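*Asks:* Input: one structure, supplied below.
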Amino acid sequence: MNDIAIRLCGISKSWGAHQVIKSLDLEFERGQLVALLGPSGCGKSTLLRLLAGLETPDSGRVEIDGKDVTAAAPSARGLSMVFQSYALFPHLNVAENICFGMQVRGVHAAERRQRLHDALALTNLLGLEQRKPAQLSGGQRQRVALARAIVAGHSICLMDEPLSNLDAKLRHSVRHEIRALQQRLGMTVVYVTHDQTEAMGMADKIVLMNGGGIVQSGTPSELYETPANAFSGAFIGSPPMMLMAAEKLPAALQAGVVPADDVAAGYLIGVRPEHFHIVAPSSTELFGTVTGVEFQGAESYIYLDLPGGDSIIVRSPEKTGLKLGDRIGLGWHPAHMHVFAAEDGRRLSPPSGPAATAHVRVAQDAAPLAI
Ligand SMILES: Nc1ncnc2c1ncn2[C@@H]1O[C@H](COP(=O)(O)OP(=O)(O)OP(=O)(O)O)[C@@H](O)[C@H]1O
Ligand SMILES: [Mg+2]
């Protein structure tokens with residue numbers, strides 16, 4: 001059995017009539033970095049605050065290390081936290097802010113100095129020890145909050161969008177440092193983000209949320225390869241999965257892909273931009289006109305208008321030489337096709353379909369749908 005650091009059982013939370021967290025069950029394994037991922041307002045921060053003890057659930061139980069802590073104060077839960085707002089003491093300088101918790105807990109002065117130095121070096125704050133928060137940029141304040149959580153030395157750390165104020169380059173390197181530190185110390189980290197690339201790159205496990213519930217949880221590759229529904233398919237991956245409405249599935253693909261009961265229903269066919277390949281327009285019923293080519297260095301994004309007036313993006317690993325107005329056909333390997341029910345977006349297909357057909361023929365008026 002896996003070692004569970006945190007367990008949430010039937011947690012619900014409402015603000016007035018608005019139920020923000022809907023009877024949620026979730027377990028966090030010890031030593032893992034778990035990303036809570038989802039669109040703005042889906043309840044990520046609320047869930048983290050419930051875990052930290054900053055909010056009380058209307059119903060349900062929070063367990064940490066097997067103990068029921070639902071009614072315990074935040075300070076009694078043995079956690080450190082880094083929140084969206086950095087919550088620094090304005091009258092204390094950087095070093096004092098970082099060391100505050102250690103001082104309260106009576107950590108020896110030499111040990112304090114060592115941990116302070118390590119955390120300052122890790123967060124690139126050496127030299128700024130004497131500054132007050134008002135004399136720092138937003139990104140620097142965020143790093144002070146991060147350093148403060150690092151020196152606390154708790155085995156569980158909760159982070160709410162800890163990198164949101166950093167510029168892209170720094171975000172990338174601090175993200176790498178957090179992951180390395182978490183693995184080195186074997187920390188259990190619950191990491192809230194709405195950025196799927198951050199979750200994909202860092203997490204052992206992603207919990208994808210929407211509307212206060214869990215849409216899907218699994219490893220990054222499970223979510224990428226086998227999205228449980230169209231929402232998950234479209235949320236993970238950049239550019240997002242292209243979803244096309246199909247009147248019917250090609251007969252060659254029906255058998256084994258879609259349960260017999262669902263054959264008559266409408267479908268969404270999902271293909272990731274990197275899984276399209278360009279073919280002659282005459283060899284497929286899915287074709288489009290090039291409206292833009294974005295060169296990204298290692299790859300190119302090709303924007304296409306389909307006959308119905310909708311547009312899709314194709315990701316190509318090479319410079320394509322395509323020009324505006326070119327007409328191209330699109331194919332994909334059936335193993336890279338995801339079939340969802342048009343009605344509610346649930347997944348109908350297993351991870352890979354029959355491999356015999358090279359190109360799927362889609363109804364000519366097929367149109368991509370926005371989720
Ligand atoms: N104290 C509060 N009183 C009333 N409503 C609240 C309160 N805190 C959060 N909410 C509402 O609960 C919902 C979830 O908020 P939450 O902060 O958990 O979202 P989030 O997923 O963290 O979003 P973001 O990515 O924008 O930070 C939102 O609709 C929000 O307006
Ligand atoms: Mg939030």
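*Asks:* Take residue 210 and decide whether it is at pLDDT 90 or above and out of contact with any His (no Cβ under 9 Å at 6 or more places or on another chain). Can you show your working first?
*Replies:* On the way: at pLDDT 90 or above: yes; out of contact with any His (no Cβ under 9 Å at 6 or more places or on another chain): yes.
Taking the combined requirement at face value, the residue satisfies it.
*Asks:* Which residue is surrounded by the most Cβ atoms within 10 Å (Cβ to Cβ), if the candidates are limited to region 157-174 and must be within 16 Å of ligand 1 (Cβ to nearest atom) and in contact (Cβ under 8 Å) with a residue 60 or more places away in the chain?
*Replies:* Only one residue tops the list, namely 162.
*Asks:* Also, I was wondering about something else. From 232, 282, 221, 238, grab the single residue that is away from ligand 2 (no atom under 16 Å from the Cβ), polar (S, T, N, Q), at pLDDT below 90 and under 19 Å from the mean Cα position of the chain (by Cα).
*Replies:* Numbers: 232 fails: at pLDDT below 90; 282 fails: under 19 Å from the mean Cα position of the chain (by Cα); 221 fails: at pLDDT below 90.
Every option except 238 fails the conditions.
Here is a yes/no grid of residues against (1) within 19 Å of the chain's Cα centre (by Cα); (2) surrounded by 21 or more Cβ atoms within 10 Å (Cβ to Cβ); (3) within 16 Å of ligand 1 (Cβ to nearest atom):
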{"position": "133", "(1), (2), (3)": "no, no, no"}
{"position": "144", "(1), (2), (3)": "no, yes, no"}
{"position": "148", "(1), (2), (3)": "no, yes, no"}
{"position": "176", "(1), (2), (3)": "yes, no, no"}
{"position": "184", "(1), (2), (3)": "no, no, no"}
{"position": "187", "(1), (2), (3)": "no, yes, no"}
{"position": "197", "(1), (2), (3)": "yes, no, yes"}
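*Asks:* Also, I was wondering about something else. Give me the strands (runs of 3 or more DSSP E) completely within region 1-107, filtered to those with at least 2 residues that are more than 16 Å from ligand 1 (Cβ to nearest atom) and in contact (Cβ under 8 Å) with a residue 60 or more places away in the chain, ordered by residue number. Please lay out each step first, then the result.
*Replies:* Values: elements: 4-15, 18-29, 33-37, 59-64, 79-82.
Output list reads 4-15, 18-29, 79-82.
*Asks:* Additional query: Note down all Cβ pairs under 7 Å where the first residue falls in region 189-202 and is farther than 14 Å from residue 171 by Cα and within 14 Å of ligand 2 (Cβ to nearest atom), the second is part of a strand (DSSP E or B) and of a type in the set (Lys, Arg), and they're at least six residues apart or on different chains.
*Replies:* Close Cβ pairs satisfying both conditions: none exist.
The values are calculated or read from the model by the stated rules, or taken from the named source; none is laboratory data. Since this is a predicted model, take the numbers as computed values, not measurements. Cβ atoms come from the backbone with ideal geometry, glycine included; neighbour counts cover every protein chain shown.
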